[in-house]
Every structure is written in C-alpha cells, then in structure tokens.
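Note sheet for the following structure.
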Amino acid sequence: MLFGDGKLIGGRRYRGDRLAALRQVTHPRELPLAVVPLLFSFQQALEGVLWLRLSGDGEHSAEISVLSVGFLVFAEFLWPTYAALAVLLVEPDLVAGACSPLSPVSGQFFRSTC
C-alpha cells in the first residue's frame, strides 16, 4: 500500500513541475522536452493506481491488465524513443556526430548511419 500511495503523491507533485517547464519553452522544438514532466507524472499516477490494485483482493484483474500494459508502454517504448527524440530536437548537432546510441531503439539508427 505504501508504494501506491507514494506514487500517487509523486504523480501530483510532478504536475506542478510540468507547468514550470512548459513556461520556459521559447521555441516549438523545445516542447517535447518540456512535456517530459507531464508524461512522468502520468506514469507515476498510473503506477500508483496499479500498486493499489495489486494490493487489493484481486477483483480488479481487468484493470490490472490495462494498467500493466500502460506502464509497460511507458517503460519499454515511450521513454527509450521519446526521450531520445526530444533531446535530438533540442540539440540537432548531436545527430551529426552521433555514433554512440542514445537508447536501444535509436541506437540502431545511429549505428547504421555511422
């Protein structure tokens, strides 16, 4: 129960940070990077609800499945690709000299172009 409650508190806390990051955007290419705190707060809230459902009596199996898939989409797909692409938009010079992978997914692209 402690894990779920803490994740929900963390999810609420990061929502305030997302507004600060969005206010700092001066160019449209910075927007994907500024949205990271918003996505992180959503992931934390998702994980918090998942922990609460897992600690329950087991009658929420359909919700647990949906929440688990949602969490895995964040962990296995969104963060490795989105974070790398958001940084590349802010720092376009990284593409020119990028022979080291930034993530497992984008690393394949960079290895083939080096």
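Some observations on this one:
- Glu30 vs. criteria touching a residue at least 24 places away in the same chain (Cβ under 8 Å), charged (D, E, K, R) and assigned to a helix (DSSP H, G or I): yes
- Checking region 43-50 against the condition returns no match, with no residue being in contact with a helix residue (DSSP H, G or I) (Cβ under 9 Å, 6 or more places away or on another chain), outside any helix (DSSP H, G or I), modelled with pLDDT of 90 or more and surrounded by 14 or more Cβ atoms within 10 Å (Cβ to Cβ).
- Within region 33-42, if we keep just the residues that are over 9 Å from the mean Cα position of the chain (by Cα) and not in a loop (DSSP other than H, G, I, E, B), the residue that is surrounded by the most Cβ atoms within 10 Å (Cβ to Cβ) turns out to be Leu33.
- Selected residue (criterion: nearest to Glu30 (Cα to Cα)) from residues of region 56-114 that are at pLDDT 55 or above and not in a helix (DSSP H, G or I): Glu91
- Residue match in region 53-74 (condition: within 17 Å of the chain's Cα centre (by Cα) and within 23 Å of Leu22 (Cα to Cα)): yes
- Any hit, region 17-27, residues being at pLDDT below 85, among the small types (Gly, Ala, Ser) and part of a loop (DSSP other than H, G, I, E, B): no
The values are calculated or read from the model by the stated rules, or taken from the named source; none is laboratory data. Given the structure is predicted, the values throughout are model-derived calculations rather than measurements. Using ideal geometry, Cβ is built from the backbone for each residue, glycine included, and neighbour counts are taken over all protein chains shown.
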